[in-house]
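Each reported figure results from applying straightforward, stated rules to the coordinates on display, with no laboratory input. Keep in mind it's a predicted model, so treat the numbers as computed, not measured. As a convention, Cβ positions derive from the backbone with ideal geometry for all residues, glycine included, and neighbour counts pool all protein chains shown.
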Amino acid sequence: MAARIWIFSVVVAVFLSISAFSSAQDLQIVNAERRIDLSSHIVKAFLTLKVENIGKDPAAEMLLAFPPTQIKNLAMVQALAITGKKKKKTYLPLDVKPTEQPDAPNDTGYYRVKFISPLGPGETVSLEVLYILTHSLEPFPVEITQSESQLVYYHDSAVILSPYHIKQQTTFVKTPTTRVESFTSVEPANRAGKEIKYGPYENRASYSYTPVIIHFENNSPFAVVEELVREIEISHWGSLQITENYRLTHGGARHKGVFSRVDYQSKRSVSGASSFNALLAVLPPRVNSVYYRDNIGNISTSHLRTGFRKSELEFEPRYPLFGGWSATFVIGYRVPLEDYLFEASDGRRYLNFTFGCPLVETIVNKLTLKVVLPEGSKDPSAVLPFTVNQELEVKYSYLDIVGRTVVVLQKDNVVPTHNVPFQVYYTFNPIYMLAEPFMLVTAFFLVFVASLAYVHIDLNIVRK
Amino acid sequence: MGGKSEPTKSESMATKTTNPDLLNTSFFSFKSLKLKTKQQELLLRISILGLVYILAFIARLFSVLRYESMIHEFDPYFNYRTTLFLTEKGFYEFWNWFDSESWYPLGRIIGGTLYPGLMVTAALIYWTLRFLRFFVHIREVCVLTAPFFASNTTLVAYFFGKEIWDTGAGLVAAVLIAICPGYISRSVAGSYDNEAVAIFALLLTFYLFVKAVNTGSLAWALGSAFGYFYMVSAWGGYVFIINLVPLYVLVLLITGRYSMRLYIAYNCMYILGMLLAMQIRFVGFQHVQSGEHMGAMGVFLLMQVFYFLDWVKYQLNDTKLFQTFLRITVTSAILVGGIALGVGTASGYISPWTGRFYSLLDPTYAKDHIPIIASVSEHQPTAWSSFMFDYHILLFLFPAGLYFCFKRLTDATIFIVMYGLTSLYFAGVMVRLILVATPAVCLISAIAVSATVKNLTSLLRTKQKVSQTGSTKGAGSSKASSKVTLDQSQPFQKNGAIALLVGVFYLLSRYAIHCTWVTSEAYSSPSIVLAARGAHGNRIIFDDYREAYYWLRQNTPTDAKIMSWWDYGYQITAMGNRTVIVDNNTWNNTHIATVGRAMSSYEDEAYDIMRSLDVNYVLVVFGGVTGYSSDDINKFLWMVRIGGGVFPVIKEPDYLVNGEFRVDKGASPKMLNCLMYKLCYYRFGELTTEYGKPPGYDRARGVEIGNKDIKLEHLEEAYTTSNWIVRIYRVKPPTNRL
């Protein structure tokens, strides 16, 4: 009953406050299918929704609801509209934005999906929604020894949380291995191999929630970059210098007790199954001068493969990472400028580079991306497909006098799907390029003049 | 200043031009800029010096090219850490720094127990570069400090050579010292140690002092005092200066070379140098309180007596009266001095000589009395081979140079002879002091080379002249011209001279080749990263030290205390950023002995010691898998000796079998069950290290280990590096009492 009242109040509130938009209950989901992929530590969920407008007014948008435990770990939500039938399907990306709803029940979080064109009464539309959750696998037991396998909990609802009525829905959960310790059964539910199927469930009211826990084995590398600072320094002399500072940890079950090298060396398959040693970074093609080091020097275990489409840097931290262990390191490389810096039609220059973290299958808790513009550049502005914190700072580098403008972009909870291009526009007068050579030339000239003067001036008090 | 006086000097040096007309034609358009002979010579000299300067720098970069820009060895890591602190926190914080991360639980007052010269130098270079908008990392500055100062040393060597002999000798000295392995061994890039700047300071002080003695100028003496101050701030080896200079003055006094110039030079240098040196907290009042510095004070007083006597002699004008006066004064002066010294020593005001000083004078002293000094490999007496290795042909040129010096005895040559002989003695006592002798050896050898080459070339020149004149005037004039130096009876003199010259150049080129080879092969390895050749000729890198230190840094609690043998203390604090029990500063022998005792006790006894020291982790270095021989098992006897020196329960014979140190089945039971053995060989018995050998085969010692079934009760393996070189154990908390 309580839920009903909640919903009623939500409906009323929404209806009263923003009567221009369609209210929640004007839509219903005819059919929903959810596939949750738990094979790595990044949880990916695919929703296929068939939405119908049962109200009288056209609906311009719909809401996606997430329980409070998920909303804080939600790294990304993407939605696509499917048009056309079967083989002629085309996907159109939709605008998705986080939104606040007054009187949201139990701190439910919302995302608003804007349809391409308002959905008329009685019309239906098919949507594909992808959302990505981080830090949603909770290791249990919390501490494991070297020889143990890592078991994790995944909490979710057997039915999709939605502000709309869902007529029919099914949820598939894919686990990395067949080893599933337990899962909450909500009839009808069954498990086959690596897949657990919840549903189909018929006619679930809005805001239905049936918590389930899945306890399963997941030994995939829980590579979490706690902090990543990427600095992209633009030099108009022809190159882009990228420096990436990582603080990497193993985010899985904490390692307890002994680390035995003998076991780790000889019984690699059973010993240290949850640990990881090798990492892969996907770098741009034509990358050069790659280095991999940390505070105390070079790390010699890395291997670079360059290609036309991308370069791959395989590297190992100094030691294998077990649960709770961390490593900090720096990767730096240089790429040719002409691949990434262009001139816009209005005369401004812009850098077109990839956002996100080059490491594959990693979560970045806090990503700071600094674009260091050349000295003398003005009016910087960054263009990104998602919201980030932006600010400006000044950095001094070699032979700088006024300092370089740095565009700082900061985003939390970054996953590999955030590796999309972004642009930084700025104006730059090429005459500034000559400032530093000119300074050096002047300095040398003055040294020579000074020595010339010194040789010819007699500084003796008494004439010899 | 030096540059100003050059043209006048070089005039006398200048050789005759070939043909002035030729010069006129080649420089016809720059008549005003036409180079005179002395200008040509100057240009040549400066360009040679410039090249030597660059050569000295780049010859030391092998390690950067082969490995990376990194700090080497052990002590440099402490210097690097302190420099980092200095640049981050500023000078006052640095001066007042109490380091609680080392010598737990005692701590160490860093500001008062180090020679700050090196750190301040590097920080100044760093700040200057920052000011000039060169945003370098402090590590790069530290890595390149040593080569930079080596380059500066070549310049000082040039001026020194010029002062004691001539410009030619100066140039040769600069070239010799630029690549001399004895010096390169301590000044390659990354070898960020006190010696890196100290040799420069040492040579500079000596040069300025000799210059002051030669000129009698207060300015040079003042410069020498400041050079001495810099040396005191940089290295404990300043004691060598404060003893050599008075000794030199004493020798001059005895040989009747007392002069006003000497009086001015020594008094100014000693008084100002002493006052300046007192500003260094680590040195403090030692100049007036320690026995090692009393010689200088005595010579200073003797100088005054000499001056007084000189004055009295001048006033009296009566030899008989003066003789009596002399007798009374000298006796009473010696008496007063002796009583003062006796009272000072007896009352404890003047401290007696330290063990380190004794061990310098007497090579056998350390072995019997201070095992901690004797345990360091660079404190061992020098083998002949290492002299040969470090000096190569200089070893033969040195006596020749001495011969030339004795042939032309001046105040300056007496100094270099004394410097050469004393430092060579010390070089024989300790391997590391080869470094101190190197500048002297290079300078004296340079005199030999320069004088020989000069004589030979002048021989050739006179011969030419003789043959030219001889063709016109006949044999009569050749006799006259050759009477100065030549014996005309030798018919193959010219050919002989050419042959000798070729020989000299051959030797010098061998020297250059040898130096390059030694530098690249022996002295350019950072020792923290080990490299080996694989089966297919590829280079294998063992980076285990840094792996372990970085593991400590990242994966242990920040307040964890690490126990290890003192060798690794500096590296653990600098790279691992964790508190250590003992480190390379070895200031507290008892504390080191406690660690030595823990390592050589049974596990439960060691556990009590470790609990009392709050130890959380124990780190041992083990080379059994890779065949790395300077590991803790091979150092173990020193731990036993140092531990046994303080705690008599540890007895060396318990660890030996028939006086032999063994780790295999024949080893003594105490050895097989002591903590160090257990920690090194824990679970090693399960590992096959070499094909065709039984499991548990120790490659560093070439034996199968004696105890393969090692159980640890109070410790557990926390981490072992990929090649097993560093093993870290966690000390378990005590079990609950039932």
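With only Cα atoms counted, the stretch B:200-271 has Rg and Dmax values of 11.3, 35 Å. For the residue pairs A:197/A:310; A:88/A:167; A:85/A:366; A:197/A:267; A:256/A:411; B:38/B:211, alpha carbon separations beyond 31 Å are given by A:197/A:310; A:85/A:366; A:197/A:267; A:256/A:411. In chain B, the sites counted are GluC sites (Glu not before Pro) in DSSP loop states with at most 16 other Cβ atoms within 10 Å, and the longest stretch holding none of them, exclusive of the sites, is B:69-689. Note on chain B: with charges restricted to the Cβ of Lys and Arg (+1) and Asp and Glu (-1), its dipole about the Cα centre is near 2960 debye. The Rg/Rh ratio for the stretch A:52-113 is 1.05, where Rg is the radius of gyration of the alpha carbons and Rh is the Kirkwood radius.
With a Förster radius of 25 Å applied to the C-beta separation of residue A:457 and residue B:39, the computed FRET efficiency comes to 0.90.
Each Cα pair under 8 Å and six or more residues apart adds its separation to the average, and for chain B the resulting relative contact order is 12 percent. Among B:137, A:250, A:456, a tally of other beta-carbon atoms within 10 Å of each Cβ gives an order, fewest to most, of A:456, B:137, A:250. In nm, to one decimal, how far is the modelled label at residue B:66 from the one at residue B:339, with both set 7 Å along Cα→Cβ? Each label point is offset 7 Å from its Cα along the Cβ direction, giving 6.3 nm. Averaged over peptide A:316-325, the number of partner chain Cβ atoms lying within 10 Å of each residue's Cβ comes to 4. Within the stretch A:285-349, the chymotrypsin sites (Phe, Trp or Tyr not before Pro) that combine a DSSP coil assignment with at most 14 other C-beta atoms in a 10 angstrom radius are A:308.
When every Cα-Cα distance of the stretch B:668-738 is counted in 10 angstrom steps from zero, the calculated P(r) takes the values 18, 48, 26, 6, 2 percent.
Between residue A:117 and residue A:194, what's the calculated FRET efficiency when r is the beta-carbon distance and R0 is 35 Å? Round to 0.05.
Calculated transfer efficiency: 0.30.
Mind checking which aspartates and glutamates have their Cα closer than 20 Å to the Cα of residue B:89? Skip sequence neighbours fewer than 8 apart in that chain. Result set, ordered by chain and number: B:99, B:101, B:140. In the stretch B:668-738, Cα pairs under 8 Å separated by at least six residues give a relative contact order of 22 percent. Compared with the direct C-alpha span, the chain from residue A:397 to residue A:433 gains 11.6 nm at full extension, assuming 0.36 nm per residue. Classify chain A from the C-alpha gyration tensor, please: rounded if a/c falls under 1.5, else prolate or oblate depending on whether a/b exceeds b/c. The shape class here is oblate.
Computed over every Cα-Cα pair of the stretch A:227-266 and binned at 10 Å starting from 0, the pair-distance distribution P(r) comes out as 21, 24, 21, 17, 14, 2 percent. Taking all Cα pairs closer than 8 Å and separated by 6 or more residues, the relative contact order of chain A comes to 13 percent.
Prolate is the label for the protein assembly as shown. Its Cα gyration tensor axes, ordered a ≥ b ≥ c, give a/c of at least 1.5 and a/b above b/c.
Cβ-to-Cβ counts within 10 Å put A:126, B:527, B:63 in ascending order as B:527, A:126, B:63, the fewest first. Placing one equal scatterer on every Cα of chain B and applying the Debye formula, the log10 ratio I(q)/I(0) at q = 0.07, 0.08, 0.11 Å⁻¹ is -0.61, -0.77, -1.25.
The mean number of partner chain beta-carbon atoms within 10 angstrom of a residue's beta-carbon across peptide B:590-601 is 0. Beta bridges from DSSP with both residues in the protein assembly as shown: antiparallel share about 85 percent, rounded to the nearest 5.
What order do you get for A:57, B:698, B:368 when you list them from fewest to most C-beta neighbours inside 10 Å? The partial results should precede the final answer.
Numbers: A:57 16, B:698 25, B:368 10.
Taking fewest neighbouring Cβ atoms as first place, the list is B:368, A:57, B:698.
Please label the shape of the stretch B:555-628 as rounded, prolate or oblate, based on the square roots a ≥ b ≥ c of the eigenvalues of the alpha-carbon gyration tensor (a/c under 1.5 means rounded; beyond that, a/b larger than b/c means prolate, else oblate). Rounded is the answer for the stretch B:555-628, as its axis ratio a/c remains below 1.5. Once both labels are positioned 7 Å from their Cα atoms along Cα-to-Cβ, the gap between residue A:268 and residue A:447 label points is 5.3 nm.
Estimate the FRET efficiency between residue A:202 and residue A:241 by the formula 1/(1 + (r/R0)^6), using the beta-carbon distance for r and 60 Å for R0, to the nearest 0.05.
Efficiency for this residue pair is about 0.55.
Placing unit charges on the Cβ atoms of the charged side chains and taking the dipole of the protein assembly as shown about its Cα centre, the candidate lying farthest along the positive direction among A:171, A:270, B:90 is B:90. Working note: 222 nm ellipticity from helices only, DSSP H runs with n ≥ 4, each -39,500 (n - 2.57), summed and divided by the residues of the protein assembly as shown, gives -13500 deg cm²/dmol to the nearest 500.
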